[in-house]
Amino acid sequence: MDDFKHYTVMLNETVDALNCENGKIYVDCTLGGGGHSELILKRISPNGRLIAFDIDDEAISHAKERLKEYKNLTIVKSSYTNIRSELKKLGIEKITGGVVIDLGASYHQLTKAERGFSFSKDAPLDMRFDMDSNFSAYDVVNSYSESDLVRIFSEYGEERFSKRIAKKIVEVRSKKKIETTGELANLIIEATPKIKSSIHPATRVFQAIRIEVNNELKNVNFVLHEILALLDVGGIISVLSFHSLEDRIVKQILKFESQKCRCNEMICKCPPPKIELVNKKPITATLEEIKENPPSRSAKLRVARCISK
């Protein structure tokens, strides 16, 4: 696994937010390269416990080697959406310490050609985080209706030329299936007007397809509610997002659950708020980190603390 590359974005800020304590239970929903997990383990050893989730076999294999000296780590090969059932299997009812959830795809996933995430390397259309899944980018591109393609390109990619691109995809695939990232990227270039931009014309569409393939936004919405239900009083959730769609979901849920009144009735009957916001505005990467790792510029960290059962 020497070729496994992963830069852990805002490592210290994300883990510092947890106020790690020896003896408590912590969860890393997105193990990835193991950066967040390793720092958490250093801070909660010897008596704290960390449960780390991932669905990527390569990430798990790398992390197992990297973190092999820690005996208080349990790695679970499962989606973080299964956090409640998986913790129950381990006999854990409440997360007493805190949770990290890093919503970014790893450098390894995005740049390894055969994973099909990048339009800069021609490869089969794939984009699956979970390689055991039988649904990939190929299925989206070659089987979705034109209207559905327009919808996901608009909603998940915020692509202003969604209709042109969807129409071109349907036209091309009627003659021959679209099989590679290169074919799709070239098709998008042909379908859109030439405008001056630092962003490649295929960027937004590839993001939209990746989100659709991996059900990313629905999963974020679901898991945040699951985590808030599992957090013990004093437990902290630290969420790192990388694009506006994810951050909007995180912001809205944390804000709603921290409000004293959520019913908007004349006489409020709401129970006490579940959480309090640790930072009302998102924490962003330092200029030094952005210089070292440019993708860090889009990262936003939001933190909340559980204050009631």
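The values are calculated or read from the model by the stated rules, or taken from the named source; none is laboratory data. The shown structure was predicted, so the numbers you read here are calculated from the model rather than taken from an experiment. All Cβ positions, glycine included, derive from the backbone under ideal geometry; neighbour counts span all protein chains shown. Protein only, heavy atoms only, side chains kept; ligands, DNA and RNA dropped before computing areas. Shrake-Rupley method; radii C 1.70, N 1.55, O 1.52, S 1.80 Å.
Each row is one residue, and each column tells you yes or no for (1) more than 25 Å from Ser133 (Cα to Cα); (2) of a type in the set (S, T, N, Q); (3) touching a residue at least 24 places away in the same chain (Cβ under 8 Å).
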site	(1), (2), (3)
Gly35	yes, no, yes
Gly48	yes, no, yes
Asp56	no, no, yes
Arg66	yes, no, yes
Ile83	no, no, yes
Gly91	yes, no, no
Lys94	yes, no, yes
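If only residues of the stretch 167-186 that are among the hydroxyl-bearing types (Ser, Thr, Tyr) and not in a helix (DSSP H, G or I) are counted, the one that is most open to solvent (accessible area, probe 1.4 Å) is Ser174. Looking across the stretch 225-245 at every residue that is touching an Asp or Glu at 6+ places or on another chain (Cβ under 9 Å) and part of a helix (DSSP H, G or I), the one that is farthest from Ile55 (Cα to Cα) is identified as Ser244. Of all residues in the stretch 259-279, those that are buried (at least 17 other Cβ atoms within 10 Å of the Cβ) and basic (Lys, Arg) total 1. Out of curiosity, is Pro193 surrounded by 15 or more Cβ atoms within 10 Å (Cβ to Cβ) and in a loop (DSSP other than H, G, I, E, B)? Criteria not met by Pro193. Looking at Ala191, Ala208, which one is in contact (Cβ under 8 Å) with a residue 24 or more places away in the chain, hydrophobic (A, V, I, L, M, F, W, C), touching a Phe, Trp or Tyr at 6+ places or on another chain (Cβ under 9 Å) and farther than 24 Å from Ile55 by Cβ? Residue meeting the stated conditions: Ala191.
Can you find a residue in the stretch 148-156 that is of a type outside the set (Phe, Trp, Tyr), closer than 17 Å to His200 by Cβ, at pLDDT 90 or above and surrounded by 15 or more Cβ atoms within 10 Å (Cβ to Cβ)?
The answer is no; no qualifying residue exists.
Determine, yes or no, whether Glu288 is open to solvent by 50 Å² or more (accessible area, probe 1.4 Å), within 22 Å of Val233 (Cβ to Cβ), among the charged types (D, E, K, R) and outside any loop (DSSP other than H, G, I, E, B). No.
Has the stretch 235-255 got any residue that is open to solvent by less than 40 Å² (accessible area, probe 1.4 Å), over 19 Å from Thr30 (Cβ atoms) and either touching a helix residue (DSSP H, G or I) at 6+ places or on another chain (Cβ under 6 Å) or modelled with pLDDT of 95 or more (or both)? No, there is no match, as no residue in the stretch 235-255 is open to solvent by less than 40 Å² (accessible area, probe 1.4 Å), over 19 Å from Thr30 (Cβ atoms) and either touching a helix residue (DSSP H, G or I) at 6+ places or on another chain (Cβ under 6 Å) or modelled with pLDDT of 95 or more (or both). For the stretch 140-156, which positions are in contact (Cβ under 8 Å) with a residue 40 or more places away in the chain and of a type in the set (D, E, K, R)? Selection gives Glu155 alone.
Here Asp232 clears all of (1) touching a Ser or Thr at 6+ places or on another chain (Cβ under 9 Å); (2) under 19 Å from Met10 (Cβ atoms); (3) among the charged types (D, E, K, R); (4) modelled with pLDDT of 95 or more except the condition numbered (2).
Conditions tested, residue by residue: (1) under 14 Å from the mean Cα position of the chain (by Cα); (2) among the small types (Gly, Ala, Ser); (3) open to solvent by 20 Å² or more (accessible area, probe 1.4 Å).
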{"residue": "His200", "(1), (2), (3)": "no, no, yes"}
{"residue": "Leu217", "(1), (2), (3)": "yes, no, yes"}
{"residue": "Val223", "(1), (2), (3)": "yes, no, no"}
{"residue": "Ile227", "(1), (2), (3)": "no, no, no"}
{"residue": "Glu257", "(1), (2), (3)": "no, no, yes"}
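Of all residues in the stretch 269-296, those that are under 16 Å from Lys251 (Cβ atoms) and touching a residue at least 12 places away in the same chain (Cβ under 8 Å) have Cβ atoms under 8 Å from Cβ atoms of residues that are open to solvent by 70 Å² or more (accessible area, probe 1.4 Å) and β-branched (Val, Ile, Thr), 6 or more apart or on another chain, in Pro273/Ile307; Lys274/Ile307; Ile275/Ile307; Glu276/Ile307. Looking only at residues of the stretch 125-147 that are in contact with a helix residue (DSSP H, G or I) (Cβ under 7 Å, 6 or more places away or on another chain) and open to solvent by 20 Å² or more (accessible area, probe 1.4 Å), we find that the one that is farthest from Lys168 (Cα to Cα) is Met131. Among the conditions (1) assigned to a helix (DSSP H, G or I); (2) closer than 30 Å to Ser296 by Cβ; (3) of a type outside the set (D, E, K, R), His200 misses just one, which is (1).
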